[in-house]
Every structure is written in structure tokens, then in C-alpha cells.
Amino acid sequence: MRGRVLVPWALGLLVFSLAAPAWAGRVVVFPLDARAVSEASAKAATERVVATLRGIPELKVIEPKSVEQKLGVDLTDQAQACDYDVFCLVEVGEILQVERMLIGHVRRPEGKDAGGLELKLIVLDVAKAVIAEVLIWRIPDNAVAGWQDAVEAASRRLFSPPDALVDLALDPGNARLSFYGEPVQPPAPGQPLRFWSGTYYARVESPGYHALEVKVVIPTNTRTRVPLSLEPDPLYVPPDRRPKDKSTQPFDRTSRREGSGVSAQDVAVKAPEAEDPLTAALTNPIPWVVAGGGAGLIVLGSVVMSGAQANYNELSGQARYAPGMTATVDVAIQARDDSRGSYTLGSVLAFAGAAAVVGAGTWMVLAATLSDDPPAATTLKTNTPPKALEPAIQGAAHELVDAAFRRGR
């Protein structure tokens with residue numbers, strides 16, 4: 001049930017409160033949720049949090065299991081059912097009689113943010129019924145093997161005061177520093193940074209420099225100097241100096257002449273001369289081939305039609321039913337049908353030929369009417385600078401010129 005305390009807990013709460021001491025730095029740690037990671041990983045992270053907090057003398061860590069056995073209820077399931085609802089979690093914290101509660105998750109990001117692990121820890125102030133602090137750290141892929149070091153440093157960061165001094169030596173001085181994605185505010189010049197001991201993966205970045213990712217170990221109760229220097233990026237161009245109409249390209253000037261619009265590596269290409277559209281259409285061989293084939297079909301069809309008509313005329317002129325002189329009726333009928341079939345075939349061939357001739361003519365007309373404009377002159381870019389003659393070739397050329405000069409004299 002979310003947002004309310006079950007009535008059967010009241011009796012168990014009374015018994016437990018009589019036996020419990022006054023609140024003094026009591027914190028309960030609920031199991032971290034496993035999101036896109038194994039349950040074993042989330043359990044190991046929870047155990048590391050509990051072990052770290054138990055090493056802080058001012059805290060008394062309460063395990064939900066020990067209270068659940070006394071009350072006879074499953075507080076872990078109740079806290080998970082609250083789904084980060086503050087008032088619902090406060091009711092669970094009041095049952096446990098703690099000052100603060102720790103909940104959170106271990107998640108493997110997916111989609112466009114895929115890569116590494118995300119550690120999220122939320123501290124709830126039960127007395128004030130507010131979320132006291134939220135920590136979200138991004139553990140990069142190259143630090144996943146030591147992700148429990150991040151869990152330990154995060155736990156110490158939330159429940160203990162800084163126990164180390166760090167002298168940051170940033171080069172350049174305005175570089176941005178972050179530990180596990182959390183920005184770190186550098187102290188005033190000459191002053192050390194009060195921070196928590198532990199193992200961190202730092203990222204340092206600044207415009208005009210290559211970003212740096214490095215592992216930083218801060219010992220306990222000591223003053224440590226941490227030098228972090230960035231290498232300049234030779235190809236970086238400040239935003240105020242970048243052209244507005246085109247992207248910046250290094251070494252884009254190819255001519256030594258200032259103000260020249262043409263480079264020594266630009267080669268002009270002459271535009272091809274425009275051809276008369278009618279001439280181009282008439283010199284295209286494909287329509288002529290189609291027209292010639294059509295004319296041939298017309299001639300062939302006409303010959304077949306003429307032969308069929310002649311055969312039919314010859315048969316129709318004969319006398320009928322003259323024994324021994326004319327063909328029988330069946331033969332005459334067969335000859336008539338053959339003549340009709342040949343005439344039909346000839347008509348089809350002649351029609352197809354005429355269509356081919358008309359199509360070829362239409363092709364030529366459209367080609368002459370809808371011709372494309374001639375291409376304009378272009379300028380080709382060449383990335384190869386002009387080469388000097390080889391020394392041997394230069395020497396031979398000089399000798400030939402000298403010999404010709406001597407013969408002329």
C-alpha cells in the first residue's frame with residue numbers, strides 16, 4: 001500500500017519504540033534497485049554502502065531485515081511500493097525511528113546515453129519530510145571494473161564531513177573539473193580544496209584543449225597535490241573567429257596572392273560548344289533504326305496482303321461443281337480461310353510498321369524540342385601543387401638551348 005501506514009503495524013511500533021533509544025544519527029539503508037544490471041550487482045553495491053556507513057562513528061546503521069523480524073512486516077516491499085514518494089517514505093521512516101533514509105538504484109543507461117553505470121543515491125530527512133540530497137554519479141566504461149570504489153566514495157560524500165585537503169594544480173587555470181560527472185568547484189587561489197577521501201575518475205576540459213580523463217586517489221587525513229594539465233588543441237578556432245557562412249578548414253588558402261579570387265591550384269575548364277537541337281535529333285541513330293524497321297514491316301505486310309488477295313481472287317474465278325475440273329468444296333473453303341488468315345497477318349504487320357515509323361518521328365521531334373541547355377564552364381580544384389622539373393631534365397634543357405644559340409651565331 002502506497003502513502004499510508006498499515007494499521008496492524010501499530011502494535012509492533014509501540015513495542016519497538018519502547019525498546020529503542022532516542023534518535024541519534026540513525027540511518028536506514030534500503031536495498032538499491034537493479035535497473036538493467038544484475039540483482040547481484042545491486043546487492044553488492046548495497047552491502048558496500050552499509051559497510052562504509054558503519055565505518056563512520058557518528059552513524060548507527062539500521063538494517064530493515066532486523067526491524068522486519070520484530071514487526072512482522074516487510075518494510076522493504078513497502079518502501080519500494082512508495083516509488084520515491086516522500087510522504088509515503090516518511091511513514092516508513094517513522095516506523096523505523098530513524099533520522100535519515102537512503103534509497104537509490106544502480107542503472108546501466110541505454111539508448112543515446114548508453115555506456116558505463118549510473119549510481120543514484122537519495123537521502124531523505126524523515127523529521128523534516130524532505131529530500132536532503134540527491135547524488136547522481138556517472139561511472140565511465142573505463143572505471144566500471146572499480147565501480148565499488150565509487151559507491152564507497154559516494155556514501156562517504158553523503159554522510160560524513162570532508163576528511164582530506166587537495167591542492168588542485170589546473171593547467172589552464174580556468175579548466176572545468178568533475179568527479180564522476182559531478183562538477184567540482186575549485187577553491188580560492190592558494191587555498192586547498194576540502195574534499196572527501198576516496199577513489200575518483202576525474203574529467204578535465206577547457207576550450208582549446210584536449211579533454212583529460214584520469215583516476216585520482218585522495219588519501220584520508222592528508223594534504224595531497226593533484227596536478228591536472230591539458231594539452232592544447234592545435235586545430236581549435238575560437239567561436240568569435242569562426243566564419244559565419246562556412247565551416248572552418250585548416251590550410252584552406254591555396255594562393256599566396258592576397259585578394260586573389262583564383263588559386264594557383266584552380267584549373268579552368270572550357271565549356272563545350274552548344275549543339276543545334278535539330279541536328280542532334282536527326283543524327284541520333286536509334287530513331288532511324290526504329291523507323292527503318294517499321295518501313296520494313298509495312299513492306300512485308302503489304303506483300304503478304306497482296307499475295308493473299310491474289311490467291312483468293314484466283315479461287316473465286318473458278319467454276320464451281322465441275323467434276324474433274326475444280327477443287328472440292330472442302331478444299332475451296334480451306335483455301336479461302338488460308339487467304340483470309342494471310343491477309344489478317346499482313347494487315348497486322350503493316351500496322352505495326354506504320355506505328356514504328358510514327359513513333360520514331362515523334363521521338364525526333366521531342367528530342368529537338370526538349371533538349372537540355374549546354375553545360376556552363378566549370379572550375380576544377382586540384383589538390384596537387386605544380387611540380388618543379390627534375391634537376392637532370394633542367395640541365396638537359398639548358399644544354400639544348402645553349403647549343404642552338406651557338407649554331408645561330
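Annotation: the residues Arg242, Arg35, sorted from fewest to most other C-beta atoms within 10 Å of their own C-beta, follow the order Arg242, Arg35. What is the sum of charges around Leu124, taking Lys and Arg as +1, Asp and Glu as -1, for the other residues whose C-beta is under 14 Å from the C-beta of Leu124? Summing Lys and Arg as +1 and Asp and Glu as -1 gives -3.
Going by how many other beta carbons lie within 10 Å of each one, how would you line up Phe87, Phe179, fewest first?
Details: Phe87 11, Phe179 22.
The fewest-first ordering by Cβ neighbours comes to Phe87, Phe179.
Exposure proxy ranking for Ile139, Ile56, based on other Cβ atoms within 10 angstrom of each Cβ and starting from the fewest, stands as Ile56, Ile139.
Read the figures in this text as sums done on the coordinates, not as results from a lab. What you see is a predicted model, and the numbers here were worked out from it, not measured in a lab. Note that we place each Cβ from the backbone using ideal geometry, even for glycine, and neighbour counts take in every protein chain shown.
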